Amino acid sequence: MPLITSDDIIETYSKLKQRGLSFIISKFNFNSRSRTLSAFDHNDIEASNWWNIPSIKQRWNEKISGDKNVIYENYVLDKYYPASNNLKMLSIGAGICSHEINFAKSGKFSKILCVDIAETLLDQAEIKARRENLICMEFLVTDIFKQAQSKDEYDIVLFHMSLHHFKNIQYLLLKVKEWMKSSGHLIINEYVGPNRLQYPQAQINSINKLLSLIPNEWRSRFKTTILKKKVSGPGKIRMILADPSECVNSKSILHLIHQEFVTIEEKPLGGNLLVLGLKDIAHHFYELNEDKWKVLQELFVTEDAYLQEHDSDYFFGIYSKELPE
């Protein structure tokens, strides 16, 4: 587990160009909560995120729902709640609430409570929800452990890329079981890979092979002229400085869920190679021509081959408190 890597130096410079000196300075705050907030609590972040590539979204839709055009929110409601109304959802670590808004648009919910410590993101989400007259949505800026919730209240508890930010996952899952109805569902769309993104060297080697498939003209890092030539993975020190909560206990997530809940379905989503392979160069693939499309398809085939022999780092899962009748 390296403390510092070459990626740390390059990506620190990239973040300086992308988000300015004040962002870099914020990472030397002794308060770990403040460092976590500095990673998320902004409304003007510009980044090149792999999950924003439309083809990646369609790829994950297909892995979950079987149809690249069917988002998981619609898949869940059509399969598990086809004739339901007055549903209640708790979303923990909701952020900008894009998925919660998709759920709300179904008209099936009387309450969707979005909880996060990032006030700016929830403010943005609330503005959008009010603009679309989604009156079922509620927003709460707090630490979920400090907020009392009613027992047996929620039909759905959602973690969308947020559970891996919690250290005491088992305690949180026990609280979730209390808050869920007996017929309720826990839904995750989560990173469940190595803690602190400390990937094994064999995985780093495979990521670099995938990176070599991308022509140099689409390898310049976002807002810089730096060519992405090689990946080394993040060092532990940068992970802790950048966001002390990032992937702090991610490797335990599936094991602890399986220990406390009944598995209804799980879908491996991959991401093992694409996440670092496309980091900071994803913007080149937001809009595709024929050549870029061919490159992406080659990347997808490469990752799928890797997944034949390795566990997925990202999972979609649906779980219940009890065995379904």
Next item on the list: Answer yes or no as to whether Leu186 is surrounded by 19 or more Cβ atoms within 10 Å (Cβ to Cβ), part of a strand (DSSP E or B) and either modelled with pLDDT of 95 or more or of a type in the set (Asp, Glu) (or both).
Entry: yes
Next item on the list: Select from the range 280-314 the residues that are touching a strand residue (DSSP E or B) at 6+ places or on another chain (Cβ under 6 Å) and not charged (D, E, K, R) and write down the one among them that is farthest from Pro268 (Cα to Cα).
Entry: Leu307
Next item on the list: Report yes if some residue within the range 161-177 is touching a Lys or Arg at 6+ places or on another chain (Cβ under 8 Å) and in contact (Cβ under 8 Å) with a residue 12 or more places away in the chain; otherwise report no.
Entry: yes
Checklist line | The listed residue being surrounded by fewer than 14 Cβ atoms within 10 Å (Cβ to Cβ), in a helix (DSSP H, G or I), at pLDDT below 95 and not aliphatic (A, V, I, L, M), out of Ser34, Ser38 | finding: Ser34
Next item on the list: Starting from residues that are among the charged types (D, E, K, R) and farther than 12 Å from Lys105 by Cβ, keep the ones in the range 121-137 and report whichever is surrounded by the fewest Cβ atoms within 10 Å (Cβ to Cβ).
Entry: Arg131
Notebook entry, point to check: Any idea which of Leu296, Leu241 is within 16 Å of Trp60 (Cα to Cα), out of contact with any Gly (no Cβ under 6 Å at 6 or more places or on another chain) and hydrophobic (A, V, I, L, M, F, W, C)?
Noted result: Leu296
Next item on the list: For the range 92-113, name all the residues that are assigned to a helix (DSSP H, G or I) and either surrounded by fewer than 22 Cβ atoms within 10 Å (Cβ to Cβ) or within 16 Å of the chain's Cα centre (by Cα) (or both).
Entry: Ser98, His99, Glu100, Ile101, Asn102
Check: Are there any pairs, at least 6 apart or on different chains, whose C-beta atoms fall under 9 Å, with the first in the range 123-145 and hydroxyl-bearing (Ser, Thr, Tyr) and the second in a loop (DSSP other than H, G, I, E, B) and surrounded by 13 or more Cβ atoms within 10 Å (Cβ to Cβ), and if so, which?
Finding: Thr142/Ile117
Next item on the list: Could you check, for the range 66-77, whether at least one of its residues is assigned to a strand (DSSP E or B) and closer than 25 Å to His164 by Cβ?
Entry: no
Notebook entry, point to check: Has the range 193-204 got at least one residue that is on the phi > 0 side of the Ramachandran plot, touching a Pro at 6+ places or on another chain (Cβ under 6 Å) and not basic (Lys, Arg)?
Noted result: yes
Next item on the list: Output the residues belonging to the range 218-269 that are in contact (Cβ under 8 Å) with a residue 40 or more places away in the chain, of a type outside the set (Val, Ile, Thr) and over 24 Å from Gly193 (Cα atoms).
Entry: Trp218, Arg219, Ser220, Arg221, Phe222, Lys223
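The values are calculated or read from the model by the stated rules, or taken from the named source; none is laboratory data. Since the model is a prediction, treat every value here as computed from it, not as a measurement. Methodologically, a virtual Cβ is constructed for each residue, glycine included, from the backbone with ideal geometry; neighbour enumeration extends over all protein chains shown.
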